[in-house]
Amino acid sequence: MILPVLFISESDNKGKGVFTAQIIPSKTTIEISPVIVLNEKERAIVEQTKLYNNIFEWGENNMKAAIGLGFISMYNHNYLANCVYEMDFENETMSVVTVRQIEAGEELFINYNASFNDTKKVWFDAV
């Protein structure tokens, strides 16, 4: 399920990103999409490819990885994100939920640290 008001477009200095054509209220589930789960060996292989920046750590011990289908892998990072993602290991899905009202035309962001307001540096910002 992806809200029909979402679309992919160019994002300032970040390639492509997910945007909304309409106002979305806070605490709205905007996407629930399946993932492809990779075991540890498969993850190691994918980490050597362009997909490295588009996978999520997966599983109770974060040793596996997941490739999000739908728009999941298209959300850009922001340390003060307007959305949060949730993982359902049993059903192999990920959901994206707004944490505040999103305005029409606004880009939707997740925080790659898994908490919408975690300011710990992520791998591509690390010095």
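Each reported figure results from applying straightforward, stated rules to the coordinates on display, with no laboratory input. Since we're looking at a predicted model, the values are computed, not measured. No Cβ is skipped: glycine too gets one built from the backbone with ideal geometry, and neighbour counts run over all protein chains shown.
With a cut-off of at most 15 other beta carbons within 10 Å, and DSSP calling the residue loop, which GluC sites (Glu not before Pro) in segment 1-78 qualify? Please list them. Each step should come with its number before you reach the end.
On the way: sites: 10, 31, 40, 42, 47, 57, 60; in loops: 47, 60.
Passing sites in segment 1-78 are 47, 60.
With an 8 Å cut-off on Cα pairs and a minimum separation of 6 or more residues, tell me the relative contact order of the chain in percent.
Rounded, it is 30 percent for the chain.
222 nm [θ] for the chain, helices only, -39500 (n - 2.57) per DSSP H run of 4+, per residue, to 500?
About -1500 deg cm²/dmol.
Which one, 49, 28, 93, has the greatest fluctuation when you compute a Gaussian network model over the chain with C-alpha springs under 10 angstrom?
49
For segment 1-112, what is the number of Lys pairs with C-alpha distance below 21 angstrom, counting only pairs 8 or more positions apart or on separate chains?
5
What trypsin sites (Lys or Arg not before Pro) does segment 13-91 have in DSSP loop regions with at most 14 other beta carbons within 10 Å?
Filter output for segment 13-91: 14, 27.
Which residues make up the longest stretch of the chain clear of chymotrypsin sites (Phe, Trp or Tyr not before Pro) that lie in a DSSP loop with no more than 14 other Cβ atoms within 10 Å, not counting the sites?
1-88
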